[in-house]
Amino acid sequence: MSKIIPPYVAGHNLLAGKSVLITAAAGAGIGFSAAQRAVEEGARAVVISDVHEGRLAQAVDTLAAINPDCQVFGKLADVTCEDDVQALVEFADQKAGDIDVLINNAGLGGSKLLVDMTDEEWSRVLDITLTGTMRMTRAMLHRMQSRARGVIINNASVLGWRAQKEQCHYAAAKAGVMALTRCSALEAAEHGIRINAVSPSIAMHDFLRKTTPPELLEQLSSREAFGRAAEVWEVANVMMFLASDYSSYMTGEIVSVSSQHA
């Protein structure tokens, strides 16, 4: 079984002339990788949000240095706060001259047996991961519908499909993101807007390494077809396809970025 990581894919101007807004994009996860890929794919403007001020500023500086032709902006925002959501979409539209693509990346995980889980732990995971995605989608749809164009991409998870111990809250939230994607896509299609989602299994990044036991990471990675976890940019590449005009007839789809082995 091959565990070789393929070479990083160069940009092909898939997002030339487009503006992109990505939530939870500071740090080293899928969100930052999606922002980097958007810059590399020729986006004219990229707006990123996060709740970590220092990491956000650093991410903006890093992204701005990649392509001087792409404007990069950052704004603190908490997707659990409706006022923050409204302020973010207003900021993004003003700075980027109307957002073409929204990537809902914000989410919160954790491991806890259901019998030990508090209402607060359950509610926080769902509020960030599912309701936060709904808030951002709702706010952006108001703006995209008036323009009769736009693309929204949600970050789901294979746990929306398959079972795993200690993941009741996260799996329920991600299954909700999948259902939200499918239902909102039908409503948005009437206005020329596409909504799809990616469903990663395990994507390796520094925060995951710090918060997950090595033996569990190895166990989950070994189940994959290639015997390894995905690189975050491999997930971001699929997001770029969904954001681009190459996927113009796709909506309401949940695209697996995984071998789907249970």
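The values are calculated or read from the model by the stated rules, or taken from the named source; none is laboratory data. This is a predicted model, so every value here is computed, not measured. Reconstructed Cβ throughout: ideal geometry from the backbone, glycine too, with neighbour counts over all protein chains shown.
Quick notes on this structure:
- Flag if R162 is farther than 20 Å from A28 by Cβ and either modelled with pLDDT of 95 or more or in a helix (DSSP H, G or I) (or both): no
- Test: D98 is in contact with an Asp or Glu (Cβ under 7 Å, 6 or more places away or on another chain) and either of a type outside the set (G, A, S) or on the phi > 0 side of the Ramachandran plot (or both): no
- Sole exception among (1) over 27 Å from L14 (Cβ atoms); (2) out of contact with any Asp or Glu (no Cβ under 6 Å at 6 or more places or on another chain); (3) polar (S, T, N, Q) for T80, by number: (2)
- Filtering segment 7-23 to residues that are out of contact with any Asp or Glu (no Cβ under 6 Å at 6 or more places or on another chain) and touching a residue at least 40 places away in the same chain (Cβ under 8 Å) leaves Y8, V9, V20, L21, I22, T23.
- V198 vs. criteria assigned to a strand (DSSP E or B) and modelled with pLDDT of 95 or more: yes
- Close contacts from segment 59-77, counting a first residue that is touching a residue at least 24 places away in the same chain (Cβ under 8 Å) and under 12 Å from Q36 (Cα atoms) and a second that is of a type in the set (D, E) and part of a strand (DSSP E or B), with Cβ to Cβ under 8 Å and a gap of 6+ residues or different chains, come to A59/D50.
- Just one of the listed residues (L21, L14) is of a type in the set (A, V, I, L, M, F, W, C), in contact with a helix residue (DSSP H, G or I) (Cβ under 7 Å, 6 or more places away or on another chain), at pLDDT 95 or above and surrounded by fewer than 24 Cβ atoms within 10 Å (Cβ to Cβ), and it is L14.
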